[in-house]
Amino acid sequence: MTKGWLNSAGISELARKLVRFILSVTGYGRHFVYTAMVNYPTEANFMMPLPAYPVEKMCKIIDGFSPGATKLSRAFAAASLYYNYSQTEKCFKLEDETDAHGLHGWELAGMYRDGYANEDCVKQYGVMPRPHWITTEFGGTRIEQVLKRFGGNIIFSNGLQDPWSRGSVLKNISSSIVALVTEKGAHHADLRSATSKDPDWLVNQRKQEVEIIQKWISEYNLDMKQG
């Protein structure tokens, strides 16, 4: 007979904590976020070689396991899609991972923004955090009012598949500060090279962006002639 936490509920909670710990240590948790970020409608290799809509593929991998499979085995198999979709890797050396996109710079940005322990930031990067600098310099606590008064000719393009979209501008602020929101879009999907496999919504989004920018250029040229 089990006592205290050593019962089915306690073991289940311990398993959840173990999975979270392992994911944080190995970096798999971070790469689940990256996969969501690049949940493009076509194959791409921006972060890693991945299939179209890789999040859906990960979910199918997880759901394909038998009911008795461990959470760790499910998580590992799903993360392996990110690390080894090309099926060319024989060993995942996560500690030697390259940083081709300069993503480690976000660690400094996070320290600067969130006010990490000063000594840690100075020791690692040689700078002193200024957590209030961004809002002091650019505003942000009431970003819509700041942009409406001081901004113009901006397109906020957001795909709701991208986790970062939650922190962006998702509605029009003025006639020249426009939000284009796509339900199936991911991280800067519209700025990627066009392909014959692009869905209609992506083609139309790019077309709309071009039309908006062309209108701004025409207005500028007209102002210059009249001035």
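Some observations on this one:
- Pairs over the 27 Å Cα-Cα cut-off, from the set K171/K215; K184/K207; K60/K171; K71/K197; K60/K197; K57/K197: K60/K171; K71/K197.
- One decimal place: the segment W133-D120 gains 2.8 nm when fully extended, by the rule 0.36 nm per residue minus the C-alpha distance.
- Charge dipole magnitude, Cβ of K and R +1, D and E -1 - the range 188-227, Cα centre, debye nearest 20: 100 debye
- Using a probe radius of 1.4 angstrom, the carbon and sulfur fraction of the accessible surface of the range 185-226 is 56%.
- Here each label is just a point 7 Å from Cα along the line to Cβ, and for E209 and N172 those points are 1.9 nm apart.
- Using a Förster distance of 30 Å, the FRET efficiency for E89-L191 (Cβ separation, nearest 0.05): 0.60
The values are calculated or read from the model by the stated rules, or taken from the named source; none is laboratory data. All values derive from a computational prediction rather than experimental measurement. With ideal geometry, Cβ positions are generated from the backbone for all residues, glycine too; neighbour counts draw on all protein chains shown. Just the protein is used for accessible areas: all its heavy atoms, side chains included, with ligands, DNA and RNA removed. Shrake-Rupley method; radii C 1.70, N 1.55, O 1.52, S 1.80 Å.
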